[in-house]
Amino acid sequence: MNLLSEALDNYIDAHASEEDEVLKELSRETHVKVQMPQMLSGHVQGLFLQLLSQMIKPQRILEIGTYTGYSAICLAKGLPENGLLYTIDINEELTPMVERYIAKAQLSDKVKLLTGDARKLIPQLNEIFDLVFIDADKVNYTAYFDLVIDKVRPGGFIVADNVLWSGKVVEEKKDKDTQAIDAYNKKVLNDTRVKNVILPLRDGLNIAQKLL
Ligand code: SAH
Ligand code: CA
């Protein structure tokens, strides 16, 4: 997953503000009890998402792919008093754990957990979003972009995670997920409604702003 040397990754980790206690505990419990803990955003990316959210000052956030709630908590920290974050996941088994940590982070009033297939649930959302975080199944990234673009306010952001896919996007022979991610990056690049850049943080973040 990591694109940098271990030494640089460790350096970055050691020079980022300390992870707060609730997130530390959530990360620990995820690593002990949940399958595929490497999917959790983690310390450095979590802080980046938190700071990004604080820069954007969003009223409404949509997250596609909750998993155990780490990134949801980070993003929700940038919400104002009446702000809301909707987060969608198809895996209902994780819901009780996510709810428990959202409560511990004192964000229950601001976070709405939606359980089901994001492709079905997004069209039912009657909101305009300032920030969308795409982090669910990679094969549907382009579909998610199409489903959210008209629900993003002009000037709002669509951020997609894992867009370098451990560096596999530049390999000649691409598996299904790699092809899907490459297609997403090309779609965003060629869509004149947005301006974008890929940040090589962790597994790569594609940051796109919908033009005014
Ligand atoms: N954003 C989390 C990690 C998400 S992992 C973090 O950074 O901590 C990806 C999640 O997407 C998994 O929990 C998986 O259940 C969910 N997912 C996969 N396909 C989905 C779909 N079609 N609709 C909604 N969620 C989906
Ligand atoms: Ca991810």
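Among the listed pairs K151/K176; K57/K120; K112/K174; K168/K210; K57/K104, those with a Cα-Cα distance over 25 Å are K151/K176; K57/K120; K112/K174; K168/K210.
Tell me, which longest segment in the chain has none of the GluC sites (Glu not before Pro) that fall in DSSP loops with at most 16 further Cβ atoms within 10 Å? Intermediate values should be presented prior to the final figure.
Working: sites that count: E18, E81, E127, E171, E172.
Here the longest run is 19-80.
Note on E25 and E172: with the Förster distance fixed at 41 Å, the Cβ-Cβ geometry gives a FRET efficiency of about 0.45. Here the Kirkwood formula, the inverse mean of 1/r across different C-alpha pairs, assigns region 6-210 a hydrodynamic radius of 17.2 Å.
Positive end of the dipole of region 6-210 (Cβ unit charges, origin at the Cα centre): among L94, I128, A105, the Cα lying farthest that way belongs to I128.
Here the dipole of region 89-212 is about 360 debye; that uses its Cα centre as origin and unit charges on the Cβ of Lys and Arg (positive) and Asp and Glu (negative). Backbone geometry of region 176-193 corresponds, through the Karplus equation with coefficients 6.51, -1.76 and 1.60 at θ = phi - 60°, to 3J(HN,Hα) couplings of 4, 5, 5, 4, 5, 5, 4, 4, 4, 4, 6, 4, 5, 4, 8, 8, 6, 7 Hz, x marking Gly and Pro.
Of the trypsin sites (Lys or Arg not before Pro) found in region 128-192, those in coil by DSSP whose Cβ has at most 14 other Cβ atoms within 10 Å are K173. Under the simplified labelling scheme, the R193-D146 pair shows an inter-label distance of 1.2 nm, with each label point 7 Å from Cα along Cα→Cβ. Legend: residues D161, D13, sorted from most to least accessible area (1.4 Å probe; ligands, DNA and RNA excluded), read D13, D161. Projected label points at E18 and S108, each 7 Å from Cα along the beta carbon direction, are separated by 2.7 nanometres.
Rg then Dmax, both in Å and based on the Cα atoms of region 35-131: 12.5, 34. Result for the chain in a Gaussian network model with C-alpha springs under 10 Å: among M97, M39, M55, the largest mean-square fluctuation is at M55.
Any idea what the dipole of the chain comes to, in debye rounded to 20, about its Cα centre with Lys/Arg Cβ at +1 and Asp/Glu Cβ at -1?
I would put it at about 660 debye.
Note: region 92-212, Cα convex hull, 126 Å³ per residue. Database remark: amide H of V132 closer than 5 angstrom to the amide H of L62, F157, I158, V159 (H placed geometrically; neighbours at sequence offset of 5 or more, or on other chains; Pro and chain starts carry no H).
The values are calculated or read from the model by the stated rules, or taken from the named source; none is laboratory data. No experiment lies behind these values; they were computed from the predicted model shown. Neighbour counts run over all protein chains shown; Cβ positions are idealised from the backbone, glycine included. The area values use the complete protein model at the heavy-atom level, side chains included, leaving out ligands, DNA and RNA. Shrake-Rupley method; radii C 1.70, N 1.55, O 1.52, S 1.80 Å.
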